[in-house]
């Protein structure tokens, strides 16, 4: 789960991470009130969407940039009104862009130097990892590719946590001196506390800034949370903005289905994440394009299978559905009956290819053959993928 920048700032405030003041607004009037309440003469107006590259983005109404500096509350209102209700296109949104429903009105900060700082989970070492660089405010991927020597990494012991000496080491590597080291170290330790206590998968600050007065502030933030841990954080779960997510993914989550929408035309329904990935790979190998990743899990019920069909059929790009089930915990005859019942209750008007293997597979295949449904059966995954690709080509 991701959150907006203004929500990230609220978490920073809660955990004592130094950050500029800011207030979210959903209308020009609210933007005016927010700017006046900050009690300053310089403001930054930021479009709030779940995508990077906002500053270089373009609104479909022709307005340039999703981040603007203004010098009066009235100009903050005017700028907000040009953003709100409009679609912003950035390099991360794709050509469809994203609708701006909120803006952040924040105080401006004089910047002496920009840095990059992030905490994430390193899969290779299976522990939290801190990535930092003196090159902030730019694409970190570009820095890593062209100047890897400018990237600093610090691995954190999962039970001991980030130690003060590690925070000071990072501050020194980034070039902080004197009292700046103490301020930077305090910010790093507070950010790591936030990362752990909120079950984050990532916290990225770009840029982290040093002001002429020697203050170290988190100027911008991007968060990712472990969805499996959200039950422990109802306050964070309440920050979820379904309007920023694929509606198909939102609907799938209501039924505990693991769904990710793609751009292809062959819908996939599989039990098991690894098998789902393999299914998508083989579809590509056969010359097709998967429309989604969909893992119904090892113990899917008939109602879940029905909802999975409904979500797949709700995608107008889907021209065929490939069901690939390996019966381990889930018995093939049970899932076959679920497929039959679900298919009969939805308007299935595209080819359905089913491949079953595993426990009670013969009984499952017999049920499918006797169902009266116009489905295509396959015995191997390669055969199923090829039949799915061929059915789309023939349509």
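The values are calculated or read from the model by the stated rules, or taken from the named source; none is laboratory data. Since we're looking at a predicted model, the values are computed, not measured. Reconstructed Cβ throughout: ideal geometry from the backbone, glycine too, with neighbour counts over all protein chains shown.
Name the residue that is modelled with the lowest pLDDT, counting only residues in the stretch 367-395 that are part of a helix (DSSP H, G or I) and surrounded by fewer than 17 Cβ atoms within 10 Å (Cβ to Cβ).
394
In the stretch 171-201, which residues are under 19 Å from residue 222 (Cβ atoms) and in a helix (DSSP H, G or I)?
Across the stretch 171-201, the qualifying residues are 187, 188, 190, 191, 192, 193, 194, 195, 196, 197.
Among 220, 241, 226, 215, which is the only one that is touching a strand residue (DSSP E or B) at 6+ places or on another chain (Cβ under 9 Å) and surrounded by 20 or more Cβ atoms within 10 Å (Cβ to Cβ)?
Values: 241 fails: surrounded by 20 or more Cβ atoms within 10 Å (Cβ to Cβ); 226 fails: surrounded by 20 or more Cβ atoms within 10 Å (Cβ to Cβ); 215 fails: surrounded by 20 or more Cβ atoms within 10 Å (Cβ to Cβ).
None of the others qualify; the one that does is 220.
Kindly indicate whether residue 297 is over 19 Å from residue 380 (Cα atoms), touching a strand residue (DSSP E or B) at 6+ places or on another chain (Cβ under 8 Å), surrounded by fewer than 23 Cβ atoms within 10 Å (Cβ to Cβ) and at pLDDT below 85.
yes
Which condition number in (1) part of a strand (DSSP E or B); (2) under 30 Å from residue 36 (Cβ atoms) is the one that residue 117 fails?
Among (1) part of a strand (DSSP E or B); (2) under 30 Å from residue 36 (Cβ atoms), residue 117 violates only (2).
Could you check the stretch 78-113 and list, in sequence order, the residues that are without any contact (Cβ under 8 Å) to a residue 60 or more places away in the chain, touching a strand residue (DSSP E or B) at 6+ places or on another chain (Cβ under 7 Å) and not in a helix (DSSP H, G or I)? Walk me through it before giving the result.
So the first thing to find is which residues in the stretch 78-113 are without any contact (Cβ under 8 Å) to a residue 60 or more places away in the chain, and the list is 78-97, 100.
Still in the list and also touching a strand residue (DSSP E or B) at 6+ places or on another chain (Cβ under 7 Å): 79-80, 83-84, 86-89, 95, 97, 100.
Answer for the stretch 78-113, where residues must be without any contact (Cβ under 8 Å) to a residue 60 or more places away in the chain, touching a strand residue (DSSP E or B) at 6+ places or on another chain (Cβ under 7 Å) and not in a helix (DSSP H, G or I): 84, 86, 87, 88, 89, 95, 97, 100.
Please go through the stretch 139-170 and pick out each residue that is touching a residue at least 12 places away in the same chain (Cβ under 8 Å) and part of a loop (DSSP other than H, G, I, E, B).
Scanning the stretch 139-170 gives 147, 156, 157, 158, 161, 162.
Among the numbered criteria (1) part of a helix (DSSP H, G or I); (2) buried (at least 20 other Cβ atoms within 10 Å of the Cβ), which one does residue 269 miss?
Tallying (1) part of a helix (DSSP H, G or I); (2) buried (at least 20 other Cβ atoms within 10 Å of the Cβ), residue 269 fails exactly one: (1).
Of everything in the stretch 200-212, what is modelled with pLDDT of 95 or more and surrounded by fewer than 20 Cβ atoms within 10 Å (Cβ to Cβ)? Give them in sequence order.
Answer for the stretch 200-212, where residues must be modelled with pLDDT of 95 or more and surrounded by fewer than 20 Cβ atoms within 10 Å (Cβ to Cβ): 211, 212.
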